[in-house]
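One structure is given here, and the rest of the page talks about it.
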Amino acid sequence: MPGWLQWGLILAGLAAIAFLARFITQRLRAERQQQRSDAKTRALQKERRDSMVESIRVLAMAVEQDQMEYSEACLRIKGLLDHVKPELLDETPYRIFREIHERIEHMPTHEERQQTDRHFVRKMDKERFALEQEHADAIRRAATAVRHHPFD
């Protein structure tokens with residue numbers, strides 16, 4: 001084999017080695033960056049979930065201490081449980097949150113409530129308060145249960 005061919009093959013091999021080394025280095029950097037990004041996303045999701053669990057517990061405590069209307073607590077707790085652990089809403093005693101939500105979700109809130117006829121709002125409030133009174137014990141039991149539920 002002529003010397004020039006040997007040197008040509010050696011140079012081609014070195015070029016291939018350099019190309020592969022660069023490719024591997026880039027892939028490793030990209031993989032590490034993806035792992036850091038995934039870890040950051042998981043940490044943010046865990047922080048958000050922990051915050052929602054804490055909110056559920058605070059709302060439940062407010063119910064236990066009669067510091068808020070039960071209907072409002074049911075709406076908020078149901079909304080948070082939808083994100084944290086939706087299957088819990090199908091279990092006893094937690095299903096009361098979903099049931100109350102379904103019975104009052106048609107009622108106007110916030111700005112819509114202010115723009116609605118006062119007589120209609122009073123009628124809705126009367127209906128809501130009757131619903132709260134009817135299910136007060138179940139709501140308090142569910143609040144205590146959800147406050148002590150291990151969400152981990």
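Structure above, values below:
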| item | result |
| --- | --- |
| Top positive-direction residue, dipole computed over the chain with Cβ charges, set V146, H101, T116 | V146 |
| Bins of 10 Å from zero: percent of alpha-carbon pairs in the chain | 10, 26, 18, 12, 8, 7, 7, 6, 4, 2, 0 |
| For segment 11-52, radius of gyration divided by Kirkwood radius, i.e. Rg to Rh on alpha-carbons | 1.44 |
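Each value in this text was obtained by applying a stated rule to the coordinates, not by laboratory testing. Model, not experiment: these values are computed from the prediction. Neighbour counts are summed over all protein chains in view; Cβ atoms, including those assigned to glycine, are modelled from backbone coordinates with ideal geometry.
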